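The values are calculated or read from the model by the stated rules, or taken from the named source; none is laboratory data. Bear in mind that the values here come from a model prediction, so they are computed numbers and not experimental data. Quick reminder, even Gly has a Cβ in these numbers, built from the backbone with ideal geometry, and neighbours come from all protein chains shown. Surface accessibility is based on the protein's heavy atoms, side chains included, excluding ligands, DNA and RNA. Shrake-Rupley method; radii C 1.70, N 1.55, O 1.52, S 1.80 Å.
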Amino acid sequence: TFQAHPYLVSIQGKDGPPVICGGALINEKTVVTAAQCLAFYDVSQLAVGVNNGERIVEIAAQSFNPQFDFVTMENDVAVLKLAESVESGFIELASKVPVNGASGVVTGWAENNSLVDVAVRTINAEECGSGDYKYSEDEVLNTMLCGLASNLQACNGQPGAPLVVNNQLVGLVSWGYGCGNKGNPAVFTNIATERSWIIETANKL
C-alpha cells in the first residue's frame with residue numbers, strides 16, 4: 001500500500017515506533033498534521049518517518065494553528081518543516097469541502113505498524129451535526145468534516161492521518177466517539193477551511 005500513498009508520513013519518537021500521529025507531505029519539506037500531535041507532545045523528541053519509516057527526518061520548525069482549541073478540537077491543524085528535503089510524492093490541499101457522500105480513503109497504522117486503508121463516505125459539518133448522528137451542531141464546527149467508514153471499524157486512525165478524496169487532502173483524523181461506523185462518523189479537520197493558514201505558515205517557517 002505504501003507506493004499508493006507516497007505523501008503519507010508518520011510522526012513518532014526519534015527512536016522509532018510506535019507511530020503517534022500521521023501526516024501528509026505537501027511539498028518536499030512540508031508536512032501537514034493535526035495540532036494535537038504537537039500541542040500534547042514534546043516536539044523536540046519527535047521525528048518524521050518517510051516511506052513507511054524507512055527514513056527518519058528531523059523536524060526543523062513547526063507551528064500549530066493558534067486558534068486550535070483542545071476542548072472543542074476546532075482548528076486541529078499544524079505544519080512541520082523538515083530539516084532535509086524528501087523526494088517522495090506530495091498531495092494537493094483541497095480548496096473546497098467534498099460533496100456529501102464523496103468516497104474517500106483514510107490511511108493509518110494498525111497495531112503491528114502495517115498500513116491500513118479505510119474507505120469512508122464524507123459528510124459536511126452541517127449534516128454531521130444535524131442530529132442524524134451522535135453529534136450536535138455545536139460539536140461539529142465548520143473547521144471540521146465527518147466521515148463514515150463503510151466497512152472496517154475506523155478505530156485505529158491516528159490523529160493527523162490523511163483523508164483523501166480525488167487525490168486531494170480533504171481532512172486529517174481529529175476526534176470522534178468510538179469508531180467511525182455504525183452511524184457514528186469520525187471527525188476530521190476540514191482542510192479546505194484551513195488551507196490559507198497552512199500555505200501562509202508553510203511559507204513562513
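Before moving on, here are some points about what is shown:
- Of the residues Val79, Val48, the single one that is under 18 Å from Ser174 (Cα atoms) and either of a type in the set (Phe, Trp, Tyr) or outside any loop (DSSP other than H, G, I, E, B) (or both) is Val79.
- Summed over region 180-204, residues that are open to solvent by 30 Å² or more (accessible area, probe 1.4 Å) and modelled with pLDDT under 95 total 2.
- Selected residue (only one of Ala47, Ala39 is open to solvent by less than 20 Å² (accessible area, probe 1.4 Å) and touching a residue at least 24 places away in the same chain (Cβ under 8 Å)): Ala47
- Flag for Ser63 being open to solvent by 20 Å² or more (accessible area, probe 1.4 Å) and outside any strand (DSSP E or B): no
- Tyr7 under 13 Å from the mean Cα position of the chain (by Cα) and among the aromatic types (Phe, Trp, Tyr): yes
- Tally, over region 115-136, of residues that are touching a helix residue (DSSP H, G or I) at 6+ places or on another chain (Cβ under 7 Å) and either exposed (fewer than 13 other Cβ atoms within 10 Å of the Cβ) or free of Cβ contacts under 8 Å to residues at least 24 places away in the same chain (or both): 0
One line per residue, one yes/no per condition, for (1) out of contact with any His (no Cβ under 9 Å at 6 or more places or on another chain); (2) of a type outside the set (Ser, Thr, Tyr); (3) within 22 Å of Leu205 (Cα to Cα); (4) in a strand (DSSP E or B):
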{"site": "Pro6", "(1), (2), (3), (4)": "yes, yes, no, no"}
{"site": "Ser10", "(1), (2), (3), (4)": "yes, no, yes, yes"}
{"site": "Pro18", "(1), (2), (3), (4)": "yes, yes, no, yes"}
{"site": "Gly22", "(1), (2), (3), (4)": "yes, yes, yes, yes"}
{"site": "Cys37", "(1), (2), (3), (4)": "yes, yes, yes, no"}
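- Annotation for region 70-77: no member residue is of a type in the set (D, E, K, R), over 17 Å from Leu163 (Cβ atoms) and out of contact with any strand residue (DSSP E or B) (no Cβ under 8 Å at 6 or more places or on another chain).
- Exactly one residue out of Ala47, Ala102 is modelled with pLDDT of 95 or more and closer than 15 Å to Gly23 by Cβ: that is Ala47.
- Of the residues making up region 8-18, just one is within 16 Å of Ala78 (Cβ to Cβ) and surrounded by fewer than 24 Cβ atoms within 10 Å (Cβ to Cβ), namely Gln12.
- Residue identified as modelled with pLDDT of 95 or more, more than 14 Å from Pro159 (Cα to Cα) and acidic (Asp, Glu) among Glu54, Glu84: Glu84
- Residues located in region 66-76, provided they are of a type outside the set (A, V, I, L, M) and open to solvent by 30 Å² or more (accessible area, probe 1.4 Å): Pro66, Gln67, Asp69, Phe70, Thr72, Glu74
- Residue count for region 77-114, restricted to those that are open to solvent by less than 40 Å² (accessible area, probe 1.4 Å) and touching a helix residue (DSSP H, G or I) at 6+ places or on another chain (Cβ under 6 Å): 5.
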